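A short write-up of the structure that comes next.
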Amino acid sequence: MSKKKSSTKMAVISLFPFVKKYRSYIIITLFAVVVEVIIGIYFAKALGGIADAAIAKNFIALKKFLVLFFAVIFLDMAIKFIKAFFTGRFTECCLFDIRQKTFRNISNLPIPYLDKHSSGDLVSRINTDLVLIQNFLQGTLADLLAIPLRVIVSGTYLFIISWKLALFTVISIPLLMVLSITLSKPVQKYIKQQQDEIGKVNSLAEDCISGLLVIKSFVLQENMKGRYDEAVNESVSKGLKACLIEAIVSPFGILMNIIPFVLCFAYGGYLGVHGEITVGMLIAFIQLVDYVVNPLSNVPNLIKGFRSASAGTERINEIWNEAKERTNGTKFNINAKVHTIRFEGVCFSYNEDKNILKELSFNIKNGETVALVGRSGCGKSTLLKLINGFYGVNKGSIKIYNHDIRSWKLTDMRNLISTVSQDNYLFPESIYVNIAYGNHQASKEEITTAAKLANCDDFIMSLPKGYDTLIGERGVKLSGGQKQRIAIARAILKNAPILLLDEATSALDTESEKEVQNALLKLMENRTTLVVAHRLSTIQNVDRILVIDDGCVVEEGNHEELFLKDALYKQLYLKQFIDKPENKIGKLDA
């Protein structure tokens with residue numbers, strides 16, 4: 001079996017647990033299908049009986065078959081309701097579980113995976129690809145189960161009425177089916193390729209919307225339009241190839257729907273003329289042929305739906321089968337007498353070409369505030385990501401409260417850490433909800449207290465809806481300083497013993513920076529703090545400064561000690577304060 005066939009088979013098999021969970025709905029649906037097939041036979045029988053009774057002028061028989069005819073119609077309506085209802089329940093329940101599993105798997109994906117895949121592509125998988133699966137579960141799956149039953153039962157009754165006419169009528173169907181199935185095989189490949197391209201289109205659209213201000217500022221509309229058009233054209237190209245295959249297959253579906261009836265009328269008329277069947281039998285036969293041919297003529301579309309769902313499931317499976325961020329480990333007790341953070345000979349690289357950190361070693365004591373300083377790209381922000389366990393080290397170890405990160409249960413370890421960066425993500429919800437994410441169990445009083453400590457209560461209360469104000473996508477309705485203070489309030493509410501500040505004031509103007517800095521000072525009280533420094537106001541009074549260069553700690557000490565050395569720290573300091581050395585607020589080349 002080829003790799004392609006194997007992946008398709010595994011993709012379809014992966015849906016079985018969801019289907020199995022709601023098999024009771026399938027059983028009820030199949031029962032409804034069985035009854036529906038039996039009703040179809042009686043409906044054909046009633047039509048034939050009415051015709052023969054009318055020709056024979058047998059009013060008693062006519063009355064009997066009319067009663068049967070209307071009883072069958074009402075029963076068929078009830079059965080169709082049951083089938084539609086339980087098929088719908090089955091689809092919605094399955095799709096809920098599939099969406100839930102997909103979302104959970106996305107949320108548990110490791111950061112390196114997210115670095116390589118755009119958010120637009122992931123959104124496309126959880127939306128567009130799931131629609132393909134939904135269409136399959138809602139229509140295709142039920143029909144795939146029902147068609148064999150309808151064909152077997154109705155076909156058997158056709159042979160009971162007239163085996164000659166049945167054989168002559170259905171002889172063309174298998175050949176047309178084989179041709180349509182063979183021709184439709186490439187559909188799955190092109191549908192998957194199209195879905196991949198749609199993922200790229202969604203990613204570009206998301207980038208354009210998120211970066212609209214930059215696009216307009218740098219007059220990039222034509223550039224982005226060209227990239228978007230190129231991606232859309234690729235998607236359309238793959239879609240057109242799938243449409244071409246479907247267009248080729250479609251006539252075979254029409255032929256399957258017409259040819260059996262042509263043969264039935266021609267040969268059925270011949271048998272009727274020679275007295276081998278009655279008019280009523282011919283009418284019943286034609287009705288039953290419709291029960292056989294109609295579903296069979298839909299087989300090409302069902303196969304297309306199956307192949308489309310398989311393509312969508314393959315892409316969903318890529319997420320399901322991706323290695324998840326580990327969930328094992330131990331929750332350790334905090335020991336304030338040991339080093340809070342310890343790096344021991346840490347080497348790390350995002351790829352195998354070049355290490356960003358090289359044999360990096362340092363300790364941070366409980367309650368100590370330490371700043372990281374260095375040139376841009378020296379690995380300061382990467383170091384904070386390693387402490388959060390977002391990436392694994394290539395060599396050496398990182399210890400939190402004297403326990404290796406690899407031994408910690410990541411969720412318990414991260415509960416001990418609060419991170420405030422220069423670009424904190426705020427959700428498009430109310431200010432209250434964004435702060436409350438720091439601690440879901442916090443009371444309203446605790447949330448407002450955290451806001452006051454973060455110096456943001458005043459501006460929040462000045463808004464028309466106060467804490468219930470919706471902040472918009474990524475907090476677009478707030479200034480940079482306001483967003484930072486809300487993020488700080490969230491960190492205060494979390495009340496974690498370890499605080500990581502990643503250039504938290506670098507993007508702010510002087511006035512906003514002062515407000516945020518005051519909030520940060522309150523946040524840093526009684527916490528072990530590691531600061532990636534961009535502005536000197538963050539590091540003037542820290543306990544220690546670590547100067548990083550070429551992935552190693554090259555200098556260590558407080559501001560006065562390091563300034564007296566004629567080394568990298570002094571060079572960075574003088575570069576920033578060449579005009580006003582006495583200034584206490586400014587930027588480092590970090």
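The values are calculated or read from the model by the stated rules, or taken from the named source; none is laboratory data. The structure presented is a predicted model; accordingly, all values stated were derived computationally and were not measured. FYI the Cβ positions are ideal-geometry reconstructions off the backbone, even for glycines, and counts take in every protein chain you see. Calculation scope for accessible area: heavy atoms of the full protein, side chains included, ligands and nucleic acids excluded. Shrake-Rupley method; radii C 1.70, N 1.55, O 1.52, S 1.80 Å.
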| request: Inspect region 409-426 for any residue being farther than 19 Å from ILE387 by Cβ, open to solvent by 60 Å² or more (accessible area, probe 1.4 Å) and either assigned to a helix (DSSP H, G or I) or of a type outside the set (Gly, Ala, Ser) (or both) and give the result as yes or no. | output: no
| note | When region 364-402 is checked residue by residue, the ones that are touching a Phe, Trp or Tyr at 6+ places or on another chain (Cβ under 8 Å), open to solvent by 50 Å² or more (accessible area, probe 1.4 Å) and of a type in the set (S, T, N, Q) are ASN394
| note | The condition of being more than 28 Å from LEU145 (Cα to Cα) and assigned to a helix (DSSP H, G or I) holds, among TYR291, TYR267, only for TYR267
| request: With a cut-off of at least 3 residues that are within 30 Å of GLY40 (Cα to Cα), modelled with pLDDT of 70 or more and in contact with a Leu (Cβ under 9 Å, 6 or more places away or on another chain), name the helices (runs of 4 or more DSSP H) lying wholly within region 144-233. | output: 163-170
| If you take the residues in region 321-334 that are over 29 Å from the mean Cα position of the chain (by Cα) and of a type outside the set (Lys, Arg), which one is surrounded by the most Cβ atoms within 10 Å (Cβ to Cβ)? | PHE332
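One line per residue, one yes/no per condition, for (1) among the basic types (Lys, Arg); (2) within 21 Å of GLN193 (Cβ to Cβ):
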position	(1), (2)
ALA84	no, no
THR87	no, no
ARG99	yes, no
PRO110	no, no
SER118	no, yes
ILE126	no, yes
GLN134	no, yes
VAL151	no, no
| field | Enumeration of residues in region 1-47 that are modelled with pLDDT of 65 or more, within 18 Å of TRP320 (Cβ to Cβ) and open to solvent by 40 Å² or more (accessible area, probe 1.4 Å) | value | ILE13, PHE16, PRO17, LYS20, LYS21
| field | For LYS337: the one exception among (1) touching a helix residue (DSSP H, G or I) at 6+ places or on another chain (Cβ under 8 Å); (2) basic (Lys, Arg); (3) assigned to a loop (DSSP other than H, G, I, E, B) | value | (1)
| query | For ASP129, are the conditions met, namely being touching a residue at least 60 places away in the same chain (Cβ under 8 Å) and either of a type in the set (Val, Ile, Thr) or within 27 Å of ALA84 (Cα to Cα) (or both)? | reply | yes
| Given (1) open to solvent by less than 40 Å² (accessible area, probe 1.4 Å); (2) modelled with pLDDT of 80 or more; (3) of a type in the set (D, E, K, R), number of the condition ASP121 does not satisfy | (2)
| Residues that are surrounded by fewer than 16 Cβ atoms within 10 Å (Cβ to Cβ) and among the polar types (S, T, N, Q), drawn from region 84-104 | GLN100
| Of the numbered conditions (1) part of a loop (DSSP other than H, G, I, E, B); (2) touching a residue at least 60 places away in the same chain (Cβ under 8 Å); (3) surrounded by fewer than 21 Cβ atoms within 10 Å (Cβ to Cβ), ARG342 satisfies every one except a single condition; which is it? | (1)
| Just to be sure, is LYS565 closer than 30 Å to LYS494 by Cα, open to solvent by 20 Å² or more (accessible area, probe 1.4 Å) and modelled with pLDDT of 70 or more? | no
| said: Take the residues in region 295-320 that are charged (D, E, K, R) and under 21 Å from the mean Cα position of the chain (by Cα); name whichever of them is most open to solvent (accessible area, probe 1.4 Å). | reply: GLU318
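Sort through GLU352, GLU322, GLU359 and tell me the only one that's closer than 18 Å to ILE387 by Cα and either assigned to a helix (DSSP H, G or I) or among the charged types (D, E, K, R) (or both). Step through it out loud before you land on a result.
On the way: GLU352 fails: closer than 18 Å to ILE387 by Cα; GLU322 fails: closer than 18 Å to ILE387 by Cα.
Answer to the check: GLU359.
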| Mind checking which pairs have a first residue in region 266-281 that is open to solvent by less than 60 Å² (accessible area, probe 1.4 Å) and a second that is among the hydroxyl-bearing types (Ser, Thr, Tyr) and in a helix (DSSP H, G or I), Cβ under 9 Å, 6 or more apart or different chains? | TYR267/THR169; GLY268/THR169
| query | What do you reckon, is THR448 farther than 18 Å from THR528 by Cβ, at pLDDT below 90 and part of a helix (DSSP H, G or I)? | reply | no
| request: Provide a single number: the residues in region 364-389 that are out of contact with any His (no Cβ under 8 Å at 6 or more places or on another chain), polar (S, T, N, Q) and farther than 20 Å from GLU325 by Cα. | output: 3
